[in-house]
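Comments concern the structure below.
The values are calculated or read from the model by the stated rules, or taken from the named source; none is laboratory data. Small disclaimer: the values here were computed from a predicted structure and weren't measured. Reconstructed Cβ throughout: ideal geometry from the backbone, glycine too, with neighbour counts over all protein chains shown. To get the accessible areas, we keep the full protein, side chains included, count just its heavy atoms, and leave off ligands, DNA and RNA. Shrake-Rupley method; radii C 1.70, N 1.55, O 1.52, S 1.80 Å.
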Amino acid sequence: MSTLAISSHVFWIASRATGISALVLVSASVGTGVALSGRLDPASGSDLRIAHEALSLAAFAMIALHVVSLFEDSYFHPSIADLAVPVLLNYREPYMAIGIIGGWGTLLLGLSYYVRRRIGIARWKALHRLTAVAWVLSVIHTLGEGTDGGDGWFVAIVVLTVAPTLLLILVRISNSRRPPARLNPLARSLPDAGGGGT
């Protein structure tokens, strides 16, 4: 096997490895973000915030490595525009375009944390919820674009990565739709335990 063929194979493997790693990190980041925003574990709020930020930054780095490794793949051989603009490169569409949109969404929505005061906290929180949409797009891209899509080990990694985050999102949605607890009429009619009177 020639040096060029070996080099190309290494970058192909690297793109697969970094893509899977990016999905794991983004999933973990979204999961911790959901737990943090939903106060699913109020006692560890500061720890979750630190973990969420660390996982997000690691995910951004892995997404960047995933893209950079594709530039050196002699079979794929994309241009910068091919990997930056959706539907420009006609390769395994629509999964390539979905991945590009998901990647940009993850990066921009994640980095918006550092300008949240300029955006306005309330507006930023509403915008940041779209991170879950970018994550779903990334999952679709991984399943549709990846050459390992039918392999058992790959499916196992995706399921073990995606299922916990999806469960947290469903719990968060369920909690947000639950009406606030109200006292029943009998309890409201009883005198205050601390009040005096006969």
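For this structure, a couple of remarks:
- Of residues in the range 130-152 being modelled with pLDDT of 90 or more and open to solvent by 60 Å² or more (accessible area, probe 1.4 Å), the one nearest to I20 (Cα to Cα): I140
- Positions within the range 50-81 being among the aromatic types (F, W, Y), open to solvent by less than 60 Å² (accessible area, probe 1.4 Å) and in a loop (DSSP other than H, G, I, E, B), in sequence order: F76
- Hey, L168 among the aliphatic types (A, V, I, L, M), open to solvent by less than 70 Å² (accessible area, probe 1.4 Å) and either at pLDDT below 95 or out of contact with any Pro (no Cβ under 6 Å at 6 or more places or on another chain) (or both) or not: yes
- Candidate set from the range 1-27 (those that are open to solvent by 40 Å² or more (accessible area, probe 1.4 Å) and β-branched (V, I, T)); member that is modelled with the highest pLDDT: V24
- Among the residues of the range 153-165, those that are open to solvent by less than 30 Å² (accessible area, probe 1.4 Å) and either of a type in the set (D, E, K, R) or within 14 Å of the chain's Cα centre (by Cα) (or both) comprise V158, T161, V162, T165.
- In the range 101-118, the qualifying residues are those that are free of Cβ contacts under 8 Å to residues at least 60 places away in the same chain and within 18 Å of R49 (Cβ to Cβ), and the one that is surrounded by the most Cβ atoms within 10 Å (Cβ to Cβ) is L109.
- Subset of the range 82-100 [surrounded by fewer than 20 Cβ atoms within 10 Å (Cβ to Cβ) and either touching a His at 6+ places or on another chain (Cβ under 8 Å) or in contact (Cβ under 8 Å) with a residue 60 or more places away in the chain (or both)]: Y95
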